[in-house]
1. State whether one or more residues within the stretch A:163-181 are touching a residue at least 12 places away in the same chain (Cβ under 8 Å), among the polar types (S, T, N, Q) and assigned to a loop (DSSP other than H, G, I, E, B).
2. Determine which member of the set A:Ala46, A:Ala92 is surrounded by 13 or more Cβ atoms within 10 Å (Cβ to Cβ) and either more than 16 Å from DNA strand B (Cβ to nearest atom) or touching a residue at least 40 places away in the same chain (Cβ under 8 Å) (or both).
3. List pairs: first residue in the stretch A:191-213 and within 11 Å of A:Asp154 (Cα to Cα), second residue at pLDDT below 95 and more than 12 Å from DNA strand B (Cβ to nearest atom) anywhere in the structure, Cβ distance under 6 angstrom, at least six positions apart or on different chains.
4. Considering the stretch A:232-251 alone, what residues qualify as being in contact with a Lys or Arg (Cβ under 7 Å, 6 or more places away or on another chain) and not aliphatic (A, V, I, L, M)?
5. Kindly indicate the residue of the stretch A:127-155 that is within 16 Å of DNA strand B (Cβ to nearest atom) and aliphatic (A, V, I, L, M) and also surrounded by the fewest Cβ atoms within 10 Å (Cβ to Cβ) among those meeting that condition.
6. Need the failing condition index for A:Ala23 against (1) assigned to a loop (DSSP other than H, G, I, E, B); (2) within 21 Å of A:Asp245 (Cα to Cα); (3) hydrophobic (A, V, I, L, M, F, W, C); (4) free of Cβ contacts under 8 Å to residues at least 40 places away in the same chain, just the number.
Amino acid sequence: MRIATWNVNSLRVRLPQVLEWLAGSAVDVLAMQETKLVDADFPTEAFTALGYQVLFSGQKTYNGVALLARAPGTAVLTDIPGFEDPPRRVLAATLAGLRVVNLYVPNGQAVDSEKYHYKLRWLAALRDWLSEEARQHPRLVVLGDFNIAPEDRDVHDPAAWVGSVHVSEPERRALRAVQELGLLDVFRRFEQPPGTYSWWDYRMLAFRRNQGLRIDLVLASAALAATCTACVIDRAPRKAERPSDHAPVVADFTPPP
DNA sequence: ATGGTGGGCAGCCCA
């Protein structure tokens, strides 16, 4: 089973690239973020034509998340229970013997901004919710755009980024609190080339210079992580005309016994 | 050099 996450930065613009990528990548589950589409505009037929079931939680202009899967989803959630949050950032479903939680974590803008404190509150609420999800679902995968680079090796120039949003210690601590629920960053279960990132700024020729961050993550419960056979970041879509600023992260799992 | 580029929707907000 192949599971992927991709911040597409406007599904309206990126749909042809997403369809082309799906046709060549044998993905069973794709979690997308920043679809920026209201539900009425979601291109359902384009994906059902490729054999996917679709789930989505969208809004106008900003945010928006979607899940594509070969199997239908049940027990769908579009919010962190009990946490009032109008932006559409969460989409959870049970499908193909897995609990899948697709996240678009708040960006945070700048350390000590109002948006940064919102990000930390959001992550605290996420942790509390995921503790319950982890208890109920031994086979849990939490994936998406976390807007946090877990460690300095996930940052092209740690000295330039020190203390900044996406790498600050409170953000990393909040991410570790999520991982301490027993969720493993499956990318780091395998040998990886140094300087492997999932996001590059559109500005300053950052992609050509590989000035990136690894902020798109696939976290898996211990039972699921034990069945993970590979995790790679596919840079190819970032090289396209009019690319998303993020590349997809792809993880392979053996089927349940 | 505190910029630069891109998406969305109307002169900005957000990333």
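1. Checking the stretch A:163-181: at least one residue is touching a residue at least 12 places away in the same chain (Cβ under 8 Å), among the polar types (S, T, N, Q) and assigned to a loop (DSSP other than H, G, I, E, B).
2. Details: A:Ala46 fails: either more than 16 Å from DNA strand B (Cβ to nearest atom) or touching a residue at least 40 places away in the same chain (Cβ under 8 Å) (or both).
Just a single option satisfies the conditions, and that option is A:Ala92.
3. Correct list of pairs: empty, since none qualify.
4. So the first thing to find is which residues in the stretch A:232-251 are in contact with a Lys or Arg (Cβ under 7 Å, 6 or more places away or on another chain), and the list is A:244, A:247, A:250.
Hit for the stretch A:232-251 is A:Ser244, nothing else.
5. A:Val155
6. Result: A:Ala23 passes all but (1).
Residue-wise test of (1) in contact (Cβ under 8 Å) with a residue 60 or more places away in the chain; (2) more than 26 Å from A:Leu140 (Cβ to Cβ); (3) within 16 Å of DNA strand B (Cβ to nearest atom).
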position	(1), (2), (3)
A:Asn9	yes, yes, yes
A:Thr35	no, no, yes
A:Thr61	no, yes, yes
A:Pro72	no, no, no
A:Pro87	no, no, yes
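The values are calculated or read from the model by the stated rules, or taken from the named source; none is laboratory data. None of the values given here were measured: they were computed from a predicted structure. Virtual Cβ from ideal backbone geometry, glycine too; neighbours counted across all protein chains shown.
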